[in-house]
Amino acid sequence: MSAEERKKFRYWQTRTIIASMIGYALFYFVRKNLSIAMPAMQADLGITKTELGIFLTLHGLIYGLSKFINGIIGDRANARYFMVTGLVLSAICNLIFGFSSAVFVFGITWMLNGWFQGMGYPPCARLLTHWVPPRQLATKMSVWNTSHSIGAGLVVIICGYVVSLGWRWCFYVPSAIAIVGAIALWFAMRDAPASVGLPELRPDGISKEEAEHELTKEEFKKFVMKHVFRNPYIWVIAVANFFVYTIRYAVLDWGPTLLSEWKGISIHNAGWMVAAFEISGILGMLTAGWASDRFFGGRSPRVCVICMGMATLFISLFWFLSSSSVLIATIILMAAGFFIYGPQALVGIAAANMATKRAAATAGGFNGLFG
């Protein structure tokens, strides 16, 4: 690249990372809002925890399947169109959910939301691998990954206050924010360097012609089979991701209900405690990404092993010290968040690196299916 092209590339790289971070954070606004609304829905509509658990389970299974299928589609689709469409449709599902009172409608709407939520991560995986060189991916993707915690943390705080107006406002307000954000995303984001007249990134040893060669449908299938589905390391990472999400979603989905009923904490304070779990997660994923590049030569799975061991320790302490003060419980929960978000960020980075930018979205979707 010429000096002028490098300057233009840095501008668009920064703009793309920031836009995709905001966009993905907004997906959490219309996904994790339900956790704050659940206690009020139980009281207002008589919905049981079992029914709410079924909503969450079906939503999660469809979300995982959607992430997988949309990951395959996302590797060959325009990331800007794909992501904005998914966010708008998720916001619409939330509005319908907020206006409803029937359990059947809740179930159908939340399952549909699960499908549209799966259109969030694959385009981000595509964007990052097209705009960030592999040697910088661990650090920059760890920064990008803070979008998970920013989105989940902000929405539980916002909903912790608006729920006082009624549980339906936990869906109206995040939906409005998501739609406004989707409009901004449309103008801010571009798909790949070629979309703004820049040359595509290419790995060392790959010619320009090879990097820019557009795979045929048959070539793409063979590439994906080799680099994703027949890659044993991708399978190991995906299975590990199952356990990462077991801890993470237990806190995000049931944390507010558990804290309010178990410790008698007000729902907006419980929201702040779950947000603290997320905020410490930001520090955890940034530290894990830096440590991977600084001490382990980019071998992120090694950092994941250390972090998962520590996360298990602190989640166990949170359970066994059930009679501890709210302050101690919050600190332990924050420690668990710090360590669980390292692997949450790094498994995606490892999968993207192994699959290369041509199959990054597919690998991310496959990894997400297990999550």
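The values are calculated or read from the model by the stated rules, or taken from the named source; none is laboratory data. Here the structure is a predicted model, which means the values were calculated and not measured. FYI the Cβ positions are ideal-geometry reconstructions off the backbone, even for glycines, and counts take in every protein chain you see.
For the range 1-23, filtered to residues that are out of contact with any Pro (no Cβ under 9 Å at 6 or more places or on another chain) and under 25 Å from Val251 (Cα atoms), the residue that is surrounded by the fewest Cβ atoms within 10 Å (Cβ to Cβ) is Ile22.
Pull up the range 45-81, narrow it to residues that are outside any helix (DSSP H, G or I) and in contact (Cβ under 8 Å) with a residue 12 or more places away in the chain, then point me to the one that is nearest to Ala359 (Cα to Cα). Taking the candidates together, the pick is Asp75.
Taking the range 284-371 as the region of interest, the helices (runs of 4 or more DSSP H) fully inside it that hold 3 or more residues being surrounded by fewer than 20 Cβ atoms within 10 Å (Cβ to Cβ) are 300-320, 326-355. Flag set for Lys8, criterion: touching a residue at least 12 places away in the same chain (Cβ under 8 Å), part of a helix (DSSP H, G or I), out of contact with any Cys (no Cβ under 7 Å at 6 or more places or on another chain) and not small (Gly, Ala, Ser). Applying the condition of being of a type in the set (Gly, Ala, Ser) and under 15 Å from Asn113 (Cβ atoms) to the range 1-58 and asking which residue is modelled with the lowest pLDDT yields Ser35. The single residue among Lys32, Lys49, Lys67 that is out of contact with any strand residue (DSSP E or B) (no Cβ under 9 Å at 6 or more places or on another chain), among the basic types (Lys, Arg) and surrounded by fewer than 22 Cβ atoms within 10 Å (Cβ to Cβ) turns out to be Lys49. Of all residues in the range 155-175, those that are on the phi < 0 side of the Ramachandran plot have Cβ atoms under 8 Å from Cβ atoms of residues that are surrounded by fewer than 24 Cβ atoms within 10 Å (Cβ to Cβ) and among the acidic types (Asp, Glu), 6 or more apart or on another chain, in Trp167/Asp44.
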